[in-house]
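Since the structure comes first, as structure tokens, the remarks are kept for the end.
Each value in this text was obtained by applying a stated rule to the coordinates, not by laboratory testing. All of these numbers come straight from a predicted model, not from anything done at the bench. Cβ coordinates were reconstructed from backbone atoms using ideal geometry, including for glycine residues, and neighbour counts include every protein chain displayed.
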2 protein chains.
Amino acid sequence: MIDAVLFDLSGVLYTDDDPIPSALQAIDRITASGMPVRYITNTTRSPSASILKKLEKMGFAIRKDEIFTAPLAVKKYLIEKNLSPYLLIHPDLEIEFSDLKKDSFNSVVVGDAGTAFTYENKNTAFRLLEQDCPLIAMGMNRYFREKDGLSLDAGSFIVALEYAANTQAVVIGKPSPWFFRTALQSVNCKAENAIMIGDDFEADVIGALDAGLQGILVKTGKYKTGDEKKIKGRAECVGDISLAVDWILEQ
Amino acid sequence: MIDAVLFDLSGVLYTDDDPIPSALQAIDRITASGMPVRYITNTTRSPSASILKKLEKMGFAIRKDEIFTAPLAVKKYLIEKNLSPYLLIHPDLEIEFSDLKKDSFNSVVVGDAGTAFTYENKNTAFRLLEQDCPLIAMGMNRYFREKDGLSLDAGSFIVALEYAANTQAVVIGKPSPWFFRTALQSVNCKAENAIMIGDDFEADVIGALDAGLQGILVKTGKYKTGDEKKIKGRAECVGDISLAVDWILEQ
């Protein structure tokens, strides 16, 4: 029995600035079925308002309260713990954290900072970790797909800092079980009755299985041949989001 | 019985541009004793000629053939394997590799590239690794000491690439047993009769022990309180190079 569906965004609904063929119709169908849906993303190069605007522009009918982003989850965590973070994040994301205090840093937050991953910035982060500041990760994704190929995502920079400072990050985005469950709480659904659709076999599918959900891996976005063989558990692998929605509606 | 001594350079003989107090005299004493010595370094921000010049300028009487650098060992490896490398290295080190072919890359070499560790350069390296190019590491050091504090060394950037591309680097510098043994072969000494003096408990001391040597950790350079507790085996820990030489000459 499936009571709620979680979708990843990039690589599932769209790649770069274009919707994946059949994704618009797939979202319309799942919405029309009355099934509660949430969108959970580790995309950390844009604030949530920009993501929503981008989805609207592409023609997706998605509400603000349906989207859960790793940066917003991190922000909530920082406020709860009263932390003042050194932000190693993408310049476009800084606006999401503009109202947080950022003096006398007592923590380090890392997202996909892109070109802001300079040696100097990483060394600043490293020296704070050496002072026992906690390391907070927006995700552990290895790579994401761009128009011209795969590109390094936040995960690799986080393991670099973990290695240098001999520490371990607190992961707030996917594959943190807490992140999946927070999204499900908003639709009052238990993990075992929910399913996650994603193109990242680790962060999306294995992460979901570890959190008690079912999972569907789609062969769009960053999918690489054979990824499905690395998954063990209650998971399917289908061509794209439209086939994933078909599978769900058939259950 | 000790028949040969290997010294690390940075943090043992000098920090930044200054010799460590008593290091000049310590090297003079070990040289006068007739004990064969070699200097093995993972320093990858300067070519070997510059390192030698720097040592001379500081007053150390060290010959060119006594120095084994990770970059020169990597160069030998590349030539032997007929590899054309994408070099993710410090701009000052490029001259060491200027006579190698560097077109249609079929391998990736990573040293402590410093500010050349841009997102773009790392992504270029990552995409080559995704094409199954081998990853060759000049060392796995986590950090080194600079005037204003500890700084990120090559090791953290290598684990980042290993993680993203799901691969494992071939390590050519310390702690590769091959690197220690190559230096010892030049003085015709077996590993069990040799000792390594270093400030890095992992690359220098644990590396040496794993290669069958003895080791001495010195409390200068990048040494951090308690590092000696992380070492198991035939190793000593003393204040500095002068006390290390005392210990060796007493054996």
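For the protein assembly as shown, report the convex hull volume of the alpha-carbon atoms normalised per residue, in Å³, without decimals. Write out the running numbers ahead of the final one.
Details: hull volume 76.2 nm³, N = 502.
Each residue corresponds to 152 Å³ of Cα convex hull volume.
Give me the count of lysine pairs in the range A:1-123 whose alpha carbons sit under 19 angstrom apart, restricted to pairs 8 or more positions apart or on different chains.
11
Which percent, nearest 5, of DSSP beta bridges in the range B:135-251 are antiparallel?
Details: 4 of 14 bridges.
If we restrict to bridges inside the range B:135-251, about 30 percent are antiparallel.
Nm distances between the label at A:LEU249 and the same-position labels in the remaining copies, 7 Å along Cα→Cβ, shortest first?
From this label point to the equivalent ones elsewhere in the assembly: 8.6 nm.
What residue of chain A has the nearest C-beta to the axis that moves A onto B, and what is that distance in Å, given as a whole number?
Looking at chain A's Cβ atoms against the axis toward B, the nearest is A:ALA160, 2.
Report, in deg cm²/dmol and to the nearest 500, the calculated mean residue ellipticity at 222 nm for the protein assembly as shown, where each DSSP H run with n ≥ 4 adds -39500 (n - 2.57) and the sum is divided by the residue count. Show your work: numbers first, answer last.
Details: 16 runs with 158 residues, N = 502.
After summing the helix terms and dividing by residue count, I get -9000 deg cm²/dmol.
Among B:THR31, A:THR225, B:THR220, which comes first, second and so on when ranked by fewest other beta-carbon atoms within 10 Å?
Numbers: B:THR31 15, A:THR225 7, B:THR220 22.
With the sparsest Cβ surroundings first, the list reads A:THR225, B:THR31, B:THR220.
What span do the alpha-carbon atoms of chain B cover on each of the three principal axes, reported in whole Å from largest to smallest?
That gives 54, 36, 35 Å along the principal axes, largest extent first.
Quick check: the distance between the Cα centres of the range B:91-148 and the range A:30-72, to the nearest angstrom?
38
Defining the label point at 7 Å along Cα→Cβ, can you sort the distances from A:ILE95 to the same site in each other copy, shortest first, in nm?
So the distances to the same position in the other copies read 4.8 nm.
Would you mind calculating the relative contact order of chain A from Cα pairs under 8 angstrom and at least 6 residues apart, reporting the percent as a whole number? Intermediate values should be presented prior to the final figure.
Numbers: 499 pairs, mean separation 53.3, N = 251.
RCO, chain A: 21 percent.
Within 10 Å of each Cβ of B:142-152, how many other protein chain Cβ atoms are there on average?
On the way: counts 6, 8, 0, 0, 1, 0, 1, 5, 6, 7, 11.
Mean shielding by partner chains, rounded to a whole number: 4.
B:LEU52: net charge of surrounding residues, Cβ under 14 Å, Lys/Arg +1, Asp/Glu -1, itself excluded?
Details: positive: B:ARG38, B:LYS53, B:LYS54, B:LYS57, B:ARG63, B:LYS64; negative: B:GLU56, B:ASP65, B:GLU66, B:GLU96.
Neighbour charge sum, excluding B:LEU52 itself: +2.
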